[in-house]
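Worksheet: the structure to be examined is printed underneath.
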Amino acid sequence: MIELKNLSMSYALEHGRLDVLTDVNLEVADGDTVAIVGPSGSGKTTLLVLLAGLEPPAEGSVQLDGRALDELDEDALADLRRDQIGIVFQSFHLVPSLTALGNVALPLEIAGATDTRARARAMLDRVGLAGREDHYPRQLSGGEQQRVAIARALVHAPKLLLADEPTGNLDLRTGEKIIDLLFELNADSGSTLVLVTHDEAIARRCQRVVRLHHGQLIEEDSGALPA
């Protein structure tokens, strides 16, 4: 599903450049669950951004499901994200003017799918928000908003799910419920999950743990450990 070759990323600063990722190589098989862990500033979120094709790398290549992202134009990248990638952000990024149902239905409507409202309603039911379809984000708790975000990310059955610190803005109990839900839905769909987290207990629930330190891949643990 994922193949990264000699991947590097840097950003221009007023007095030089900031190297964020340096010569990262990684392969992720279809259906794997992978945690990316490391301290703040190690490049975890940047790696996720590159995987989603939201920015091009400074050097190296990203391949998703056999397709090299640097060979796709902006329209093709947008189509790839729409059809094959689901993204769960730490800060939810819900559209405030849309209800929960409208937020979840949005990617389906953009794709021109049929029965968008029925499919969105079914996904909201799966994440435990039946009866909350007509509520706007401001009327929902943080945990409920994150459930809407997960439903939106999964409603189009993506082959790859990217989650960036999905419990970062939630209390411990709500965060545990969200992680349980995320793994449950991912297992049901059979998709590949790449999860950025600072929480070692969450990371141990994944089949593999990839560690970044100062932008470099320094170790890779195979096999889930007991949480």
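Points worth noting:
- Residue within the stretch 75-95 that is open to solvent by 60 Å² or more (accessible area, probe 1.4 Å), in a helix (DSSP H, G or I) and without any contact (Cβ under 8 Å) to a residue 60 or more places away in the chain present: yes
- Note on the stretch 1-51: residues that are open to solvent by less than 40 Å² (accessible area, probe 1.4 Å), touching a residue at least 12 places away in the same chain (Cβ under 8 Å) and closer than 20 Å to residue 203 by Cα total 20.
- Taking the stretch 116-227 and the strands (runs of 3 or more DSSP E) fully enclosed by it, the elements with 1 or more residues that are over 28 Å from residue 78 (Cβ atoms) and open to solvent by 50 Å² or more (accessible area, probe 1.4 Å) are at 208-213, 216-222.
- Pairs where the first residue, in the stretch 203-219, is touching a residue at least 12 places away in the same chain (Cβ under 8 Å) and the second is in a loop (DSSP other than H, G, I, E, B) and surrounded by 18 or more Cβ atoms within 10 Å (Cβ to Cβ), C-beta under 6 Å, 6+ apart: 203/197; 211/38; 212/38; 212/42; 212/43; 213/38; 213/42; 215/43
- Output for the stretch 1-55, where each listed residue is closer than 15 Å to residue 69 by Cα, under 16 Å from the mean Cα position of the chain (by Cα) and of a type in the set (Asp, Glu): 55
- Qualifying residue in the stretch 52-69 (condition: free of Cβ contacts under 8 Å to residues at least 60 places away in the same chain, under 20 Å from residue 163 (Cβ atoms), open to solvent by less than 40 Å² (accessible area, probe 1.4 Å) and touching a Ser or Thr at 6+ places or on another chain (Cβ under 9 Å)): yes
- Inside the stretch 96-115, residues that are closer than 23 Å to residue 195 by Cα, among the polar types (S, T, N, Q) and open to solvent by 20 Å² or more (accessible area, probe 1.4 Å) make up a count of 0.
The values are calculated or read from the model by the stated rules, or taken from the named source; none is laboratory data. This one's a predicted model, so the numbers in the text were calculated from it and none came from an experiment. Neighbour counts are summed over all protein chains in view; Cβ atoms, including those assigned to glycine, are modelled from backbone coordinates with ideal geometry. Each accessible area value is taken on the protein alone, full model and side chains, heavy atoms only, with ligands, DNA and RNA left out. Shrake-Rupley method; radii C 1.70, N 1.55, O 1.52, S 1.80 Å.
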